[in-house]
There are 2 protein chains.
Amino acid sequence: MQKFILTLLSAATISAIIAYTPTISTVQAKETNAAIKKVFDAKSYMLDNGLQIVVVENHRAPVITHMIWYRAGAADEPRGQSGIAHFLEHLLFKGQKHKVLGDLSPGEFSRIVRSLGGEDNAFTSQDYTAYYQSIASEHLEKVMRMEAGRMRGIDIPLSEFASENKVIQEERRQRTDNDPRAQMAEQMTEALFPNHPYGIPVIGWMHEIQALEWADAKKFYDQYYAPNNAILIVSGDVKGEEVLAIAKRTYGIIKRAKTPARKRTTSPPFISQTSVTLAHESIKEPQFRRTYRVPSHRQDAQASLTLEILESIIGGSSTSRFYKSLVIKQKLATNISLSYNSSAWNDATLSIVATPVSVDKMDALQDAIDRELRKIVMDGVTDQELSDTISRMQGEAIYARDSLSGPAMVIGYNLITGATLDDIEYWPQRIETVTNKHIQDIAKTYLNPDQPYTTPYVNGFLLPKNSRGNMK
Amino acid sequence: MQKFILTLLSAATISAIIAYTPTISTVQAKETNAAIKKVFDAKSYMLDNGLQIVVVENHRAPVITHMIWYRAGAADEPRGQSGIAHFLEHLLFKGQKHKVLGDLSPGEFSRIVRSLGGEDNAFTSQDYTAYYQSIASEHLEKVMRMEAGRMRGIDIPLSEFASENKVIQEERRQRTDNDPRAQMAEQMTEALFPNHPYGIPVIGWMHEIQALEWADAKKFYDQYYAPNNAILIVSGDVKGEEVLAIAKRTYGIIKRAKTPARKRTTSPPFISQTSVTLAHESIKEPQFRRTYRVPSHRQDAQASLTLEILESIIGGSSTSRFYKSLVIKQKLATNISLSYNSSAWNDATLSIVATPVSVDKMDALQDAIDRELRKIVMDGVTDQELSDTISRMQGEAIYARDSLSGPAMVIGYNLITGATLDDIEYWPQRIETVTNKHIQDIAKTYLNPDQPYTTPYVNGFLLPKNSRGNMK
């Protein structure tokens with residue numbers, strides 16, 4: 001399951017996310033033993049049309065965050081139409097028409113939210129697209145009405161379609177094509193997910209973005225934007241029953257639609273090891289990356305909880321194993337991190353990113369990383385490391401509860417990728433079930449350097465221009 | 001255009017071809033100046049239903065080769081159904097029904113051909129599927145009648161579908177999964193063709209082969225097996241007008257069908273360099289492979305003719321540049337070859353395969369290959385090399401004419417991948433138009449080692465088990 005740390009939103013898999021900065025409270029929670037309590041104590045409802053509703057009440061300030069999550073992401077796009085999910089996310093701000101819920105002209109949705117002192121935005125990933133507003137509680141019905149209106153009522157001038165296509169092309173240029181690190185991540189993901197839609201970037205390939213047509217976008221919209229394919233989450237200063245009542249008046253009038261079952265092609269077994277090298281003049285210092293395919297929470301909850309703990313022990317911070325050994329002690333790298341993102345419908349990824357002290361140390365760095373991984377395969381971790389890590393992660397969950405908008409986000413990406421509300425509420429208790437044996441087994445299965453071809457991973461070498469000679 | 005050398009059929013792109021060994025005459029042709037004559041002097045016809053017919057008369061022996069080529073290959077398969085084109089190729093031997101042309105039970109087609117002293121088979125590539133019989137001329141109408149009957153009349157027992165699925169699984173095991181060299185080629189092709197169907201093997205991924213259903217196979221068959229999507233080629237002891245008359249009585253009664261236009265997804269630009277490493281216990285000596293994406297004849301005829309000549313000069317044999325320099329002189333490799341296959345609907349490939357004298361020499365070998373390529377970028381080739389090569393290739397074309405079954409094959413895979421009959425007939429004259437400047441330009445554009453990321457290529461390292469430590 002996705003951890004309660006929101007900075008993960010900057011991960012490459014959520015390439016299209018824009019300017020979402022939830023407020024994490026700095027107030028220390030009074031209760032630190034989470035052994036029996038639910039994290040959010042969320043209320044859950046279901047409308048007749050299939051819309052799932054989750055409410056997290058928090059009355060510390062008179063504001064709410066209202067989010068709608070669709071089970072429709074880039075990995076659901078037809079082949080050859082990459083970028084269409086993200087394009088649609090943009091287009092939903094460009095006009096809507098609905099007999100009961102009202103009409104909005106291009107840009108009017110956001111103008112209204114801002115005029116009421118709120119902010120709104122949206123983001124797209126491989127598995128979902130989400131829209132949100134943070135605003136004073138009194139305006140909740142207003143934003144719910146507008147959001148419900150664009151669930152089935154998209155209605156945009158064709159000129160907006162053409163000009164917005166230019167906007168997403170420019171977005172791709174700025175975020176990916178002008179950034180060798182992003183290019184590298186894109187190339188590695190492509191190599192890591194052959195024959196699987198996760199290998200295609202969320203933003204889309206440029207030549208396919210340019211060829212997108214309105215009819216295709218509309219078809220995707222009609223198939224996937226429906227109450228029975230969405231989750232509504234409201235957190236903040238509002239009662240659950242109030243949200244339910246407003247939802248009935250707004251989303252409740254939208255009809256169920258026939259949404260296609262997810263049917264994604266899958267990768268063949270990994271039998272070889274792939275490396276991607278990218279040399280670029282704007283790169284001043286080399287970078288080593290390695291990305292593994294590992295289980296997501298939906299695929300294997302126990303493995304996923306174990307990987308979350310392992311992430312923290314090996315690579316979460318400057319006190320974790322990698323940093324202490326490779327940066328401080330061995331002085332092979334100036335920086336190293338390991339991150340795991342559990343919230344995916346299909347396979348999740350675990351990434352190592354390191355800056356070697358020089359290109360010449362690239363091989364030694366890889367060997368040293370392998371040695372650290374081998375240690376865990378052979379000996380596991382210490383009981384102290386394990387219990388300290390679990391306590392710290394439980395503490396972070398407690399803080400998350402006090403945030404105003406954070407809960408909507410955390411609950412959203414976990415539910416939409418297949419977790420249950422209980423998985424989220426009892427996460428602090430569940431990570432306590434992870435043992436040293438679990439950790440050793442997971443390292444053996446997925447991170448064992450001496451058994452590299454059964455574990456799918458891709459190595460990446462990002463280099464200053466003309467240093468390629470060293471990297472044959 | 002595909003050269004007149006039939007051994008190329010063993011190339012990885014035609015992975016499903018079976019036991020086709022055309023007889024190449026060893027009789028020296030009397031005329032070696034091909035400047036004005038057509039190579040085959042083939043006759044060409046078209047039926048009202050859209051079936052194209054090509055006949056090459058050769059009365060040296062009372063036998064014919066009869067081939068039907070469909071514009072339907074693995075790259076035309078729906079995503080997630082890899083292997084269906086090849087599976088269908090097998091299924092077409094398993095029974096057919098046609099009111100006028102007759103019925104055949106499973107296996108009866110081949111039994112009849114063999115009982116008449118002939119042989120038959122079929123093969124599948126990314127762009128086409130072809131069926132053929134070589135048999136005494138007197139039986140031509142018989143085989144044409146049977147072949148026409150299975151163009152639209154497939155009718156197989158479901159038990160045959162299930163058992164033949166096991167057969168193609170076994171074929172994949174034997175040809176690919178039990179052969180690390182074939183696995184390597186498959187992995188490299190996958191990396192070389194991201195987001196393009198050529199990245200998927202013709203035989204299919206095992207997990208997708210296992211999931212194929214009869215309804216899907218039948219749909220593919222109904223869409224692509226039609227006279228207007230096929231080319232009929234007959235070579236041997238028969239007159240063109242005779243073939244036409246029989247074709248009218250057999251293929252002529254089949255109706256045109258609505259065949260979908262080819263619409264294939266394309267790869268994004270190459271911005272990084274990908275390497276694939278495979279270590280396997282059955283590998284005793286290491287191998288270095290590099291495969292480039294280059295123009296096919298259909299995409300750029302002049303570039304393709306130039307690449308054919310360059311292939312011969314650099315890597316065609318033990319007298320070509322690579323062998324003389326890297327094997328004989330520098331002793332870095334025990335073997336090296338370069339091959340180019342021009343007959344593809346989309347991009348073609350050019351492959352270098354070398355056996356270094358040891359794993360330690362892998363880097364030096366790559367550097368030496370790059371040096372040879374750089375020489376051609378800088379200085380081109382000598383006039384003598386160029387004229388000798390063109391003369392030799394023209395000579396090979398002359399021999400091809402005297403073969404009994406070879407012409408049907410050569411004409412088939414060139415026409416079916418977009419060449420015209422004139423491209424084939426006047427090939428000896430056309431390669432004479434290639435100049436040293438063409439060669440230098442093509443090397444600069446596609447094979448320049450100092451500009452590696454604009455030219456898509458993938459490096460492959462096939463290694464004995466446990467030697468991976470050297471190949472970081």
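The values are calculated or read from the model by the stated rules, or taken from the named source; none is laboratory data. Bear in mind the structure is a predicted one, so any value in this text is a computation, not a measurement. We place every Cβ from the backbone using ideal geometry, glycine too, and count neighbours over all the protein chains shown.
Could you list all residues from region B:75-91 that are more than 13 Å from every other protein chain (Cβ to nearest Cβ) and of a type in the set (Gly, Ala, Ser)?
Matches in region B:75-91: B:ALA85 only.
State whether one or more residues within region B:374-385 are small (Gly, Ala, Ser) and under 27 Å from the mean Cα position of the chain (by Cα).
no
Could you look through region A:390-405, keep only residues that are in contact with an Asp or Glu (Cβ under 9 Å, 6 or more places away or on another chain) and modelled with pLDDT under 95, and pick out the one that is nearest to A:VAL327 (Cα to Cα)?
Among them, the one singled out is A:MET393.
Only one of (1) touching a Gly at 6+ places or on another chain (Cβ under 9 Å); (2) in contact (Cβ under 8 Å) with a residue 60 or more places away in the chain is not met by B:LEU365, so which one is it?
All conditions are met except number (1).
Return a yes/no flag: does region A:173-183 have any residue that is touching a strand residue (DSSP E or B) at 6+ places or on another chain (Cβ under 6 Å), surrounded by 18 or more Cβ atoms within 10 Å (Cβ to Cβ) and of a type outside the set (S, T, N, Q).
Among the residues of region A:173-183, at least one is touching a strand residue (DSSP E or B) at 6+ places or on another chain (Cβ under 6 Å), surrounded by 18 or more Cβ atoms within 10 Å (Cβ to Cβ) and of a type outside the set (S, T, N, Q), which makes the answer yes.
Here is a yes/no grid of residues against (1) assigned by TED's automatic domain parsing to the domain that holds B:PHE193; (2) in contact (Cβ under 8 Å) with a residue 60 or more places away in the chain; (3) within 23 Å of B:GLY240 (Cβ to Cβ):
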| position | (1), (2), (3) |
| --- | --- |
| B:VAL377 | no, yes, no |
| B:ALA400 | no, yes, yes |
| B:LEU404 | no, yes, yes |
| B:THR420 | no, no, yes |
| B:ILE424 | no, yes, yes |
| B:LYS437 | no, no, no |
| B:ILE442 | no, yes, no |
| B:ASN448 | no, yes, no |
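Considering region A:213-241 alone, what residues qualify as being more than 17 Å from A:MET151 (Cα to Cα), touching a Ser or Thr at 6+ places or on another chain (Cβ under 9 Å) and not hydrophobic (A, V, I, L, M, F, W, C)?
Correct list: A:SER235, A:GLY236, A:ASP237, A:GLY240.
Need at least 2 residues that are farther than 24 Å from B:TYR70 by Cα and within 21 Å of the chain's Cα centre (by Cα) per element, so show me which helices (runs of 4 or more DSSP H) inside region B:164-224 make the cut, counting only ones lying wholly within it.
Passing ranges, in order: B:180-192.
Of the numbered conditions (1) in contact with a helix residue (DSSP H, G or I) (Cβ under 6 Å, 6 or more places away or on another chain); (2) farther than 15 Å from A:HIS86 by Cα, A:ALA191 satisfies every one except a single condition; which is it?
(1)
Determine, yes or no, whether B:ILE352 is among the aliphatic types (A, V, I, L, M), within 14 Å of chain A (Cβ to nearest Cβ), outside any loop (DSSP other than H, G, I, E, B) and within 27 Å of the chain's Cα centre (by Cα).
Judged against the criteria, B:ILE352 is not a match.
Could you please find all residues in region A:180-232 being of a type in the set (Phe, Trp, Tyr) and within 11 Å of chain B (Cβ to nearest Cβ)?
Once the filter is applied, which keeps residues that are of a type in the set (Phe, Trp, Tyr) and within 11 Å of chain B (Cβ to nearest Cβ), region A:180-232 yields A:PHE193, A:TRP205.
Which of the following residues is farther than 16 Å from B:PRO295 by Cα and of a type in the set (A, V, I, L, M): B:ALA333, B:ALA344, B:ALA348?
Step by step, each of B:ALA333, B:ALA344, B:ALA348 is checked, and only B:ALA333 is farther than 16 Å from B:PRO295 by Cα and of a type in the set (A, V, I, L, M).
Which ones in region B:238-269 are closer than 26 Å to B:ASP127 by Cβ and aliphatic (A, V, I, L, M)?
Scanning region B:238-269 gives B:VAL243, B:ALA247, B:ILE254, B:ALA257, B:ALA261.
It is to be established whether one or more residues within region A:258-277 are more than 14 Å from chain B (Cβ to nearest Cβ) and β-branched (Val, Ile, Thr).
So far as region A:258-277 goes, yes, one or more of its residues are more than 14 Å from chain B (Cβ to nearest Cβ) and β-branched (Val, Ile, Thr).
Name every residue in region A:387-413 that is touching a Ser or Thr at 6+ places or on another chain (Cβ under 6 Å), assigned to a helix (DSSP H, G or I) and surrounded by 18 or more Cβ atoms within 10 Å (Cβ to Cβ), in order of residue number.
A:THR389, A:PRO407, A:ALA408, A:TYR413
Could you say which residue among A:SER272, A:SER282, A:SER304 is modelled with pLDDT under 95, crowded, with 23+ Cβ neighbours inside 10 Å and among the hydroxyl-bearing types (Ser, Thr, Tyr)?
Of the residues listed, the single one that is modelled with pLDDT under 95, crowded, with 23+ Cβ neighbours inside 10 Å and among the hydroxyl-bearing types (Ser, Thr, Tyr) is A:SER272.
Please determine whether any residue of region B:57-66 is at pLDDT 95 or above, crowded, with 22+ Cβ neighbours inside 10 Å, farther than 24 Å from B:ILE398 by Cβ and β-branched (Val, Ile, Thr).
no
Do the conditions hold for B:THR319, that is, is it without any contact (Cβ under 8 Å) to a residue 12 or more places away in the chain and more than 14 Å from chain A (Cβ to nearest Cβ)?
yes
Return yes when B:GLN299 is surrounded by fewer than 22 Cβ atoms within 10 Å (Cβ to Cβ), touching a Ser or Thr at 6+ places or on another chain (Cβ under 7 Å) and either assigned by TED's automatic domain parsing to the domain that holds B:LEU350 or in contact (Cβ under 8 Å) with a residue 40 or more places away in the chain (or both) and no when it is not.
No.
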